[in-house]
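Enquirer: Okay, here's the structure, questions in a sec.
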């Protein structure tokens with residue numbers, strides 16, 4: 001469907017035309033009419049599907065054409081990370097280019113006091129759209145800097161990530177400050193139990209739109225290496241020898257492991273940098289600038305921070321550990337082979353992670369090529385699911401045996 005077939009404002013369509021957009025993505029085609037109609041919505045879609053435009057375009061179109069309170073906050077968009085908040089704000093600036101009366105402010109932590117005061121002034125002056133991370137927004141609420149009494153739109157982008165980061169209670173606290181008539185929109189890449197609970201709590205008769213997870217691009221060459229944890233550094237060394245070490249991202253599930261990986265890379269004399277939530281905003285910006293400009297060859301990052309990485313010429317992605325779910329796997333390796341480039345994605349699989357990786361292969365519909373361990377690193381784990389059934393039975397038997405012995409001991413003592 002073309003954007004011109006949707007009931008968007010002329011100013012919105014002009015901005016879209018400037019961007020040379022003509023056709024909606026599936027998530028945009030399904031969501032835009034529902035949001036224009038004022039319905040609450042739950043969208044299940046991964047990063048890269050066009051979901052940001054799916055909610056920004058109809059909200060901006062309504063702010064442009066309908067009568068909303070002036071000098072008041074009309075829309076609150078929540079993002080799990082500063083990087084995503086910045087991306088949303090940039091998209092907002094583009095989409096609202098022809099809207100003279102629509103203003104916005106990005107509100108996120110990790111900045112100096114001057115930035116905080118600037119955010120405060122913008123909100124008190126009634127910026128139409130606030131794009132905020134939960135922690136920073138709670139800080140402003142605690143200081144009495146915001147008035148949500150006239151908010152008409154509330155958006156949770158990447159809600160599953162916010163819950164992973166422990167913001168469930170903060171989100172509920174914020175929703176209690178919103179008017180009952182507020183239209184609420186949630187987007188999530190996955191649908192765990194916590195997301196279902198949150199949706200039932202804050203959404204009113206929502207439209208539910210769920211897109212199937214996209215398969216990785218065919219031009220991504222996927223490889224796996226089954227290895228023990230203490231063999232991974234040696235495997236990395238061999239990977240860099242074979243494929244080079246320019247424009248590489250290494251993903252890991254935890255910031256502690258990211259720091260450890262980066263230290264190990266330094267010992268190998270590899271020009272690397274790290275991105276995780278312990279860094280200040282200015283430190284993150286510096287690292288990203290150095291990576292984009294080629295001053296850093298290898299970037300080691302967590303999943304959450306990686307949401308803000310938007311670079312087209314990544315030659316290789318390495319999963320230092322197997323992602324927890326298929327969506328994360330597709331998202332990680334989708335950072336390579338973008339635009340007209342080819343790319344390589346290599347996943348290091350421990351014995352305990354074989355089951356998870358087999359689930360990924362089941363989703364892909366094929367077996368991922370396995371590379372052998374480099375010589376001198378020892379024996380690799382077998383690529384099979386480790387059964388724990390015997391261990392469980394043994395423990396139960398042992399517990400039962402101990403219980404009988406204790407009963408026998410008590411009877412002997414009583415006699």
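Just so it is clear, none of the values below were taken in a lab; they were calculated from the coordinates. Everything quoted here is computed from the prediction, not taken from an experiment. Note that each Cβ is placed from the backbone with ideal geometry, even for glycine, and that neighbours are counted across all protein chains shown.
Enquirer: Considering Cα pairs under 8 angstrom that are at least six residues apart, work out the relative contact order of the stretch 11-73 and quote it in whole percent.
Expert: 38
Enquirer: Right, here's the next one. Over all directions, how big on average is the projection of the convex hull of the alpha-carbon atoms in the chain, in square nanometres? List each step's numbers first, then the result.
Expert: Numbers: hull surface 109.2 nm².
Averaged projected area of the chain's Cα convex hull equals 27.3 nm².
Enquirer: Under a 10 Å cutoff between Cα atoms, tell me which one of 311, 131, 249 has the largest fluctuation in the Gaussian network model of the chain.
Expert: 311
Enquirer: Please find, in a Gaussian network model of the chain (springs between Cα atoms separated by less than 10 Å), the residue of 92, 371, 143 whose mean-square fluctuation is greatest.
Expert: Looking only at 92, 371, 143, the biggest GNM fluctuation is shown by 143.
Enquirer: Given a Förster radius of 41 Å and the C-beta distance between residue 4 and residue 264 as r, what FRET efficiency does 1/(1 + (r/R0)^6) yield to the nearest 0.05?
Expert: Numbers: r = 53 Å, r/R0 = 1.30.
Between residue 4 and residue 264 the formula returns 0.15.
Enquirer: For the stretch 220-370, what is the relative contact order in percent, using Cα pairs closer than 8 Å and at least 6 residues apart in sequence? Could you put the intermediate results ahead of the total?
Expert: Working: 252 pairs, mean separation 51.7, N = 151.
Once divided by the residue count of the stretch 220-370, the mean separation gives 34 percent.
Enquirer: When the C-alpha atoms of the stretch 153-282 are aligned to their principal axes, what extent does each axis show, in angstrom, from largest down?
Expert: 59, 36, 27
Enquirer: With everything on Cα atoms, drop me the angle between helix 193-202 and the longest principal axis of the chain, reported from 0 to 90° to the nearest 10.
Expert: 20
Enquirer: Using alpha carbon centroids, what distance separates the stretch 219-247 and the stretch 91-166, in Å?
Expert: 41
Enquirer: Compute a Gaussian network model of the chain, connecting alpha carbons closer than 10 Å, and tell me which residue from 293, 149, 355 fluctuates the most.
Expert: Comparing 293, 149, 355 in the GNM, the peak value goes to 293.
Enquirer: Using the Cα gyration tensor of the stretch 282-357, with a ≥ b ≥ c the square roots of its eigenvalues, what is the shape: rounded (a/c below 1.5), prolate (a/b larger than b/c) or oblate (neither)?
Expert: Details: a/c = 2.13, a/b = 1.60, b/c = 1.33.
Cα axes put the stretch 282-357 in the prolate bin.
Enquirer: Once you have a ≥ b ≥ c as the square roots of the Cα gyration tensor eigenvalues for the stretch 62-219, tell me rounded if a/c is under 1.5, and otherwise prolate or oblate according to whether a/b is larger than b/c. Could the numbers behind the result be given before it?
Expert: Numbers: a/c = 1.39, a/b = 1.35, b/c = 1.02.
Note, shape of the stretch 62-219 comes out rounded.
Enquirer: Could you tell me whether the stretch 11-132 comes out rounded, prolate or oblate from its Cα gyration tensor? Rule is a ≥ b ≥ c as square roots of the eigenvalues, rounded for a/c under 1.5, then prolate if a/b exceeds b/c, otherwise oblate. The partial results should precede the final answer.
Expert: Numbers: a/c = 1.75, a/b = 1.39, b/c = 1.26.
Taking the square roots of the gyration eigenvalues as a ≥ b ≥ c, the stretch 11-132 is prolate.
Enquirer: Follow-up. At a threshold of 8 angstrom on Cα-Cα distance, excluding pairs fewer than six apart, so keeping six or more, what relative contact order does the chain reach in percent?
Expert: Working: 698 pairs, mean separation 66.1, N = 415.
That works out to 16 percent.
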